[in-house]
Structures are given as C-alpha cells and as structure tokens.
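What follows is a single structure, written as structure tokens, with notes after it.
Nothing in this text is a laboratory measurement; each read-out follows from the coordinates by a stated rule. Predicted model, so just to flag it, every value in this text is computed and none were measured.
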Amino acid sequence: MKDKNIARLRRARKTRIRIAGQGKPRLCVFRSGRHIYAQIIDDAKGQVLTQASSLEKEARSAHGLGNDVAAAAAIGERVAQKALAIGIKEVAFDRSGYRYHGRVKALAEAAREGGLSF
C-alpha cells in the first residue's frame, strides 16, 4: 500500500509541474476512502480560492458519505457553482495522481457540466 501511495504522489508532482506555468487556477481533487474533496487553488498567490467537499453539511444531508459516484458528481457541481460565483471559468484539472475513472471522473464531468472549462 505504501508503494502505491508513493507512486501516486510522484505522478501528482509531475502533473503539478506541468500545469504550474499555465497561469490558470488549478482544480485539485483529493479523495479518501470515505470522502472526496475539490479545491480551486491559485498557485501564483499560494491560496485556495474556493473549495467543496463531501464533509459539508449540505452534501452530507443529501448524499450521506461521499464514497460514491453520485456524491462526487454533486461535489463537482458545487465547486463549479462556487467558482462561477467568484468569476472563475477556466481551470487546469489536477487529479492528484489518481486514475481518471470512478469518483474522480464523475467530479470532473459534473464540474464541466456546471460551467467550468478544462
């Protein structure tokens, strides 16, 4: 298990280096066994602009635990709404070394449907 996590972090580091020079905020996805998190980060300033997770009160009441595809899609829609509210329309997608399937894919597609482009 430790080797898998080290390999994931190595992939994530390579991805962040590649997307750092694009000048766009980064939509970063992190998941655990029970929850999923999404943050829009401005790397130039080093601050989180907005975030959404399955730990939020609204998400928990609607979907319970965030360990399924439906909850991940809801988080993607929510982070897209929050980003559009502060004027962000274009982001760079950072999947944090995770494979693009399941919950990560559902979150990304829901964010695209919500109005973000990447």
- Query: Taking the structure as given and computing Kirkwood radius over Cα pairs in Å, which label from (1) 14.2; (2) 15.9; (3) 20.8 fits?
  - Reply: (1)
- Task: Could you please state, rounded to a whole Å, how far the C-alpha centre of the range 32-54 is from the C-alpha centre of the range 79-106?
- Result: 9
- Task: With both partners inside the chain, how many of the DSSP beta bridges are antiparallel, as a percent to the nearest 5?
- Result: 75
- Message: Please state the shape class of the range 50-105: rounded when a/c is under 1.5, otherwise prolate if a/b exceeds b/c and oblate if not, all from the C-alpha gyration tensor.
- Response: oblate
- Message: Using Cα-Cα distances under 8 Å and only pairs 6 or more residues apart, what relative contact order does the chain have, in percent?
- Response: 29
